[in-house]
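The values are calculated or read from the model by the stated rules, or taken from the named source; none is laboratory data. Nothing here was measured: the structure is a model prediction, and the numbers come from that model. So basically every Cβ, Gly included, is an ideal-geometry build from the backbone, and we count neighbours across all protein chains shown. These accessible areas exclude ligands, DNA and RNA; they are computed on the full protein's heavy atoms, side chains included. Shrake-Rupley method; radii C 1.70, N 1.55, O 1.52, S 1.80 Å.
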Amino acid sequence: MNYPATSAIRCIAAVLSALPVTILAQQPPYDVFPPANPPYYRIHYEASEKEASQQPGELSFPVNYTIWIPSNVKALRGVIVHQHGCGEGSCKSGLTGAYDLHWQALAKKHDCALLAPAYEQPEGADCQMWCDPRNGSGAAFQKSLVDLGAKSGHPELAKVPWALWGHSGGGHWAGGMVLLHSDRVAAAWLRSGVPLLKPNAQRPTIKAHSLPEAALQVPMMCNLGTQEGVTVKDGRFAGVWPANETFFNEVRGKGGLIGVAVDPLTSHECGNQRYLAIPWLNVCLSVRLPKVSGQPLRAMPTDGVWLANVMGDEAVPALTFVGDPRQAAWLPNESIARVWMNYVKDTAVTDVTPATRHQRTYASAATS
């Protein structure tokens, strides 16, 4: 059927007006993602029009932030950030990160939002232009909390603490945020990526961070695959363990609350890490988040800590540990120490929480 031109124009205009503005502005492969209807909210920022080389701190890539808000929460107590790694494949995963039911369950338990950024990095572009938060991504992230707080009716989002999970370049980003904003970070999980604390002549484009005293009080976990330089000493990811080892030794040597968990099954993929990461973050959030939204973070307790040899598979109470505790992986309590021991042996973590009323072994692989 042929419509008059004016009717066709009205139809096209109606369709376009119904589409999110973000779709019109974004380019493949970042133009396909789920809708963000409440309890999901989304904000999109274009890349800075200023050249990053001429204006330090300007974000070079567009970015999408999607957030999930638990229903019936009156005031958010925190935000869990699930940060992807480098390259188009990993960046695209950020478009669906806020829809993960397992991570949503953790967020809901603690009255937290779940946020997934998606930096639109072109394939082959320098990942440092976003995974170093000083290159504009840190400022864009904080701006997104203000804007998403206004969209969702939760203005407190701009001020609540952050629990950070990051993979590869995302681990570099999450660790960098700990070093830059120690007072805001409840805990940080660094999968296969850490920030540099000293310049590396082999990687001159990566800027080193300083290690402030306050960062030593933030629980952190360095998590990587055994094939990333632990048991496999060559190949693309052979440098991951040396970087993690250096970061761990520097932080732990000064008394920092940091552990190491080596995945015995993987290389750079994430494998089953969520079955340790989520319980670990659960413990950290249970202790550190303020009871009332808006109050400062609470300190991790010093009693009940367990320690383990970094390359071992047995953990013991700190009081019975033989050796230098500042060379040992720090684990917040006995329950996490037992999960850690399962994980570093074969990643088959057993859930014995009362809610399940039976033991359930998580043996299926997870991708993030």
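Here Val262 meets each of (1) more than 26 Å from Cys112 (Cα to Cα); (2) in contact with a Gly (Cβ under 6 Å, 6 or more places away or on another chain); (3) of a type in the set (A, V, I, L, M) with one exception, condition (2). Taking the criterion of being more than 25 Å from Asp263 (Cα to Cα), open to solvent by 60 Å² or more (accessible area, probe 1.4 Å) and in contact with a helix residue (DSSP H, G or I) (Cβ under 7 Å, 6 or more places away or on another chain), the residues of segment 273-317 that qualify are Gly294, Arg298, Ala299. For segment 136-177, the tally of residues that are touching a Gly at 6+ places or on another chain (Cβ under 9 Å), more than 20 Å from Asn244 (Cα to Cα) and aromatic (Phe, Trp, Tyr) stands at 1. Residues that are out of contact with any Phe, Trp or Tyr (no Cβ under 6 Å at 6 or more places or on another chain) and not polar (S, T, N, Q) within segment 112-130 comprise Cys112, Ala113, Leu115, Ala116, Ala118, Pro122, Glu123, Gly124, Ala125, Asp126, Cys127, Met129, listed in sequence order.
Scanning segment 216-256 for residues that are under 16 Å from His167 (Cα atoms) and in a helix (DSSP H, G or I) turns up Val240, Trp241, Ala243, Asn244, Phe247.
Whenever a residue of segment 61-78 is touching a residue at least 24 places away in the same chain (Cβ under 8 Å) and within 23 Å of Pro35 (Cα to Cα), its partners that are part of a strand (DSSP E or B) and among the charged types (D, E, K, R), lying with C-beta atoms within less than 8 angstrom and at least six residues away or across chains, give the pairs Asn64/Arg42; Tyr65/Arg42; Thr66/Arg42; Ile67/Arg42. Listed by first and then second residue, the pairs with beta-carbon distance under 6 Å, at least 6 apart or on different chains, first residue in segment 327-350 and closer than 20 Å to Asn272 by Cα and touching a residue at least 60 places away in the same chain (Cβ under 8 Å), second of a type in the set (D, E, K, R) and open to solvent by 20 Å² or more (accessible area, probe 1.4 Å), are Val344/Asp313; Lys345/Asp313.
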